[in-house]
Structures are given as C-alpha cells and as structure tokens.
Amino acid sequence: NILVLTDIHWGAIDPDTQYDDLEQVFIFLKEFHDIDLIVIGGDYFDSKLSLNSKASILSVQWMERLITESETCGVKKIRVIKGTQEHDNSQLEVFREKESERFKIFNTNTVEETLPDMKCIYCPDENINAKDYKDIYIDNILSGASIGFFHGSFDIVLPDIVVQMSEDSSLKSMIFEYDFWSKFISGPMIAGHWHSGVEIDDLIYVGSYERWAFGESDPKGFGVVRFDTDSNEYIYHKIENSFADIYETVEINTSLYKNLSD
C-alpha cells in the first residue's frame, strides 16, 4: 500500500492553515495501519522561502513529524522527488541530514527495489530535453520497473502544439512520452505537477493537496495505491482533503448577449 502526496507547495497559502489541513494525512496513517511506502511527488515548496519564515519553519517541522510518526504507524520507506526548479529551488537539501535507508531524496532519475519485488523508477523534474534524458538514463528506463513516480508533464495531457515545440532539441523542456514509458513500466505511472487530478489509462496525476485558484473544481487530497507485486495489478483511490478551500468559478460567455445592458 502506497500513499502518494504531491504538490504541497509550502508557502502558497497561509502556512498555519496548510499545517492544520495536512493533519488529515496523520489521521489517515493512524487509522489505516497498513501503508508500506510514502512518496512525495515533487513541489514540496512553492517558491524560495526565507529561512525564518513561518512557511519554512512549518514545512521542516511537518516533514520531521512525517518521518517520525509514519514509522510508528508501520510505514517502511519514504521517498521524495524533486519538483519544478522554480518551486523546490534545491530546498529539499534541508532534509539531507535526515537521509537513511528509510528516507531518501531523489534529485535525478533513480531506480531501486524500494520494497521486496517492487522495483520503482523515480523521475524528478530535470532541466533537460527528452533526447538527452533518454541518453543519460536509458539503462534505468529499460530496467523493468514495477511503478514509475514522476514530476512533470506527459504528452497526453498537453496540447499537440506544445508537444511539437518541445521536440526542438535546443529547448530544455522535458515532456514524458506516455507510449514510450508505458512499454517499460509494468504497473501504474503516478505523477505530480498537474494540480488537477487526471487519470488516463495507467497514468495517474494525484493533483495538489490544496486549492488556491479558480477553475479547479476537482477534489484535492492525496492518493493511495494498492499494488500487487505478483500480478502488477493495482487499485487507486483518492483521499479527499475535506478542508481545502472552495473557489466558486463562474464563466460568463459574453457572446450570448446582444448589447451592453444585457
């Protein structure tokens, strides 16, 4: 059983509210004593935070609490992948001294047998184009992972013109190709970066934990994946953040009106 939490974005909203809302993660862990792995899928931070800011202090306290309390709840491993550079800003290094076999941070593509019979490939957001990415990590990609954890955009969630532009080798814009990656990953591909929860075939975007913008009506929260290491079959379930703010979005199509008074 894997709990996946992406796009927390410490600093995007009031940090005290954010800390209180994330209490739901600990409530879940205490009530459901069967989580083996926790993955934080990028964009833990929203921007570069000053060391003494409330958001910075609470983000460190929350991670330290996760490491400690999850072990009490029976969680075997925690893995964190770097998100978009403009958000995480290399600030995950603040947790580097906490690293152990149980808690690891990945800034570059990494393959490991995280749990028995479950090989995972971790694919952070790297400032590199798709061709160079494949050249560097081809051995990792071909290793036959059971599950892929990503931060970034897949081509099947983007407009065709954006995907075509990314093929310019001079642009350092990594876009993951779904058809390519799905050949080498036997189970689900679980991603962060898109704040709206999206499920397409074996690709799952968990979505952000909070809502702080209009136009995002989808449920916020974290995901739980139950993965069978024998059959590679899986079940995905979204645990909704019941405390997330609601932004009522009203779209007005002015072409329906005949004159200014209408």
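Can you name every one of the strands (runs of 3 or more DSSP E) wholly within the stretch 119-224 that holds 3 or more residues which are of a type outside the set (Phe, Trp, Tyr) and surrounded by fewer than 22 Cβ atoms within 10 Å (Cβ to Cβ)? First the steps, then the outcome.
Working: elements: 147-151, 189-192, 198-200, 203-205.
Hits in the stretch 119-224: 198-200.
Return the residues of the stretch 75-103 that are within 25 Å of ALA12 (Cβ to Cβ) and open to solvent by 50 Å² or more (accessible area, probe 1.4 Å); say none if nothing qualifies.
Residues satisfying the conditions are GLN85, GLU86, SER90, GLU93, VAL94, ARG96, LYS98.
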THR229 versus (1) β-branched (Val, Ile, Thr); (2) closer than 22 Å to ASP7 by Cβ; (3) in a loop (DSSP other than H, G, I, E, B): which is the lone unmet condition? (2)
Of all residues in the stretch 197-244 being of a type in the set (Ser, Thr, Tyr) and over 20 Å from CYS123 (Cβ atoms), which is farthest from the chain's Cα centre (by Cα)? SER231
Of all residues making up the stretch 238-262, the number that are under 30 Å from GLU23 (Cβ atoms) and exposed (fewer than 10 other Cβ atoms within 10 Å of the Cβ): 2
Among residues of the stretch 20-33, those that are of a type in the set (Asp, Glu) and open to solvent by less than 30 Å² (accessible area, probe 1.4 Å), counted: 1
Go through the stretch 19-33 and give me each residue that's touching a helix residue (DSSP H, G or I) at 6+ places or on another chain (Cβ under 7 Å) and not hydrophobic (A, V, I, L, M, F, W, C). TYR19
Within the stretch 34-56, the count of residues that are in contact with a helix residue (DSSP H, G or I) (Cβ under 9 Å, 6 or more places away or on another chain) and either crowded, with 22+ Cβ neighbours inside 10 Å or in contact (Cβ under 8 Å) with a residue 24 or more places away in the chain (or both) comes to 15
Top-ranked residue in the stretch 127-162 [being among the hydrophobic types (A, V, I, L, M, F, W, C) and farther than 27 Å from VAL4 by Cα; ranked as modelled with the highest pLDDT]: ILE161
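Condition check ((1) closer than 26 Å to MET118 by Cα; (2) touching a helix residue (DSSP H, G or I) at 6+ places or on another chain (Cβ under 8 Å); (3) at pLDDT below 90; (4) not aromatic (Phe, Trp, Tyr)) across all residues:
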site	(1), (2), (3), (4)
LYS172	no, no, yes, yes
ALA213	no, no, yes, yes
GLY223	yes, no, no, yes
PHE227	yes, no, no, no
PHE243	no, yes, yes, no
SER255	no, no, yes, yes
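Is one or more of the residues making up the stretch 82-89 in a helix (DSSP H, G or I), modelled with pLDDT of 90 or more and more than 16 Å from LEU5 (Cα to Cα)? Show your work before the answer.
The initial filter retains those residues of the stretch 82-89 that are in a helix (DSSP H, G or I), namely 85-88.
Restricting the remaining residues to those that are modelled with pLDDT of 90 or more gives none.
Checking the stretch 82-89: not a single residue is in a helix (DSSP H, G or I), modelled with pLDDT of 90 or more and more than 16 Å from LEU5 (Cα to Cα).
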Of THR110, THR72, the only residue that is surrounded by fewer than 21 Cβ atoms within 10 Å (Cβ to Cβ), touching a strand residue (DSSP E or B) at 6+ places or on another chain (Cβ under 8 Å) and not hydrophobic (A, V, I, L, M, F, W, C) is THR110
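The values are calculated or read from the model by the stated rules, or taken from the named source; none is laboratory data. Computed from a predicted structure; not experimentally measured. Cβ atoms come from the backbone with ideal geometry, glycine included; neighbour counts cover every protein chain shown. Protein only, heavy atoms only, side chains kept; ligands, DNA and RNA dropped before computing areas. Shrake-Rupley method; radii C 1.70, N 1.55, O 1.52, S 1.80 Å.
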